[in-house]
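Taking it in order: structure first as structure tokens, then the write-up.
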Amino acid sequence: MFKQFSMPQFMIFWRSPAFLKVTVTTSILLNILVNPSFAGDPFRSREPHKIGNQTEAAFNAIFQQGNYPVAKDALQKAVSSEANEPLIYAIQASLAYQNQDLASLEKYSRKTLETGQNLVASDPLRGNLYTAVGHFLEGATILTREGTVSGAAQALTRLRKVYTYLDRAEEISANDPELNLIRGYMDLMLAVNLPFTSPDDAIEKLQKNAAPSYLVDRGVALAYRDLKQHSQALDYVNRALKTTADNPEIYYLKAQILHEKGKAEKSQNLIKEAIANFDKALAKKSQLPANLVKQIEFERNKAVKSH
């Protein structure tokens, strides 16, 4: 049912309908030594923002390690010690979507919006950014609750607000890596699914200023996968694997790409390699959500039947 795109990941609607393929979020464990008092910023190696160690730990557990139990523990600690950080609630909203928990999706989408708005006074860049994310998540909630037919108009209204606040954040710091990662994923989602936008432009913008690099590579791989440009997708997923080799979700993505490339080229060797990568992902199924494990197993079985 769900198809990986991630993310971000924001906050990781990687196996979702077209409007949700991008979701909030993003980041990685960067070695922030410039200003230890601001440790916890997973996006910036220079001029870090005060995000929080537990929030960073949760983010890294999901996006770098693909370890959801560790992320859940870090999120619980973050709510106690870093309750004013909107990234916490954006991650929780995306996990609720993944688990098809509408009540929690509504709760954490609203909380993301509220904390984003409250952050504007002290950190205008991230405050406007997560106000945008909050509106995005509430649009996702509307589509989940009401469906694409009856909820489309309301969701479109939310999408307009998303870009209003993204533009405000861009006026503050157009080259900010966190902003460009989140906006880049959104632009890629639209470019892949709408005929009047350019995927090449979206990819170029994402690569130019966004960080961390492994999430940039992952996003580009996802875009090329959906564009059925299999060789380019394989190149970028291999780049992501160089720095996130312990993340089972990257092997899952690589398996998807190899399977589609194998079918397109009628190559049994590529399909065999796809099955091996599905198996690498499933080797760490204990750290993945149960519904994701089922999806990987389903796609693996399809690959076996086509082999």
Whole-angstrom Cα spans of the range 206-297 along principal axes, big to small: 36, 33, 21
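On alpha-carbon atoms, Rg over Rh for the range 113-188 using Kirkwood Rh?
Working: Rg = 12.7 Å, Rh = 12.5 Å.
Result: Rg/Rh = 1.01.
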Cross-link pairs beyond the 21 Å C-alpha cut-off, checked among Lys254/Lys280; Lys77/Lys242; Lys50/Lys107; Lys111/Lys294; Lys263/Lys305; Lys50/Lys161: Lys77/Lys242; Lys50/Lys107; Lys111/Lys294; Lys50/Lys161
Per residue value of the accessible surface for the chain (all protein chains in place, 1.4 Å probe), Å²: 43
Carbon/sulfur fraction of accessible area - the range 169-307, other protein chains in place, 1.4 Å, %: 48
Estimated distance in nm for a label pair at Asn175 and Asn301, the labels positioned 7 Å out from Cα along Cα-to-Cβ: 5.2
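For the chain, what Kirkwood radius comes out of the mean inverse Cα-Cα distance, in Å?
Values: mean 1/r = 0.0525 Å⁻¹.
Hydrodynamic radius (Kirkwood, Cα pairs) of the chain is 19.1 Å.
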Förster radius 30 Å - calculated FRET efficiency between Val70 and Ala276, Cβ distance, rounded to 0.05: 0.70
Tensor-based shape of the range 166-221 (alpha-carbon gyration tensor, a/c under 1.5 rounded, otherwise prolate or oblate): oblate
The range 148-187 and the range 239-307: distance between their alpha carbon centers, rounded to Å: 31
The range 32-124: C-alpha gyration tensor shape, a/c 1.5 cut-off, then a/b vs b/c: oblate
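Determine the sum of side-chain charges near Glu138: Lys and Arg each +1, Asp and Glu each -1, restricted to other residues whose C-beta is under 14 angstrom from that of Glu138. Intermediate results must be reported in sequence, preceding the final value.
On the way: positive: Lys107, Arg110, Lys111, Arg145, Arg158, Arg160, Lys161; negative: Glu106, Glu114, Glu146.
Charge balance in the 14 Å sphere: +4.
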Cα gyration tensor shape for the range 192-257, rounded if a/c is under 1.5, else prolate or oblate: oblate
DSSP-loop chymotrypsin sites (Phe, Trp or Tyr not before Pro) across the range 125-218, with at most 10 other Cβ within 10 angstrom: Phe196
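The values are calculated or read from the model by the stated rules, or taken from the named source; none is laboratory data. Given the structure is predicted, the values throughout are model-derived calculations rather than measurements. Counting neighbours? That spans all protein chains shown, and the Cβs are built from the backbone with ideal geometry, glycine included. For accessibility, only protein heavy atoms count, side chains too; no ligands or nucleic acids. Shrake-Rupley method; radii C 1.70, N 1.55, O 1.52, S 1.80 Å.
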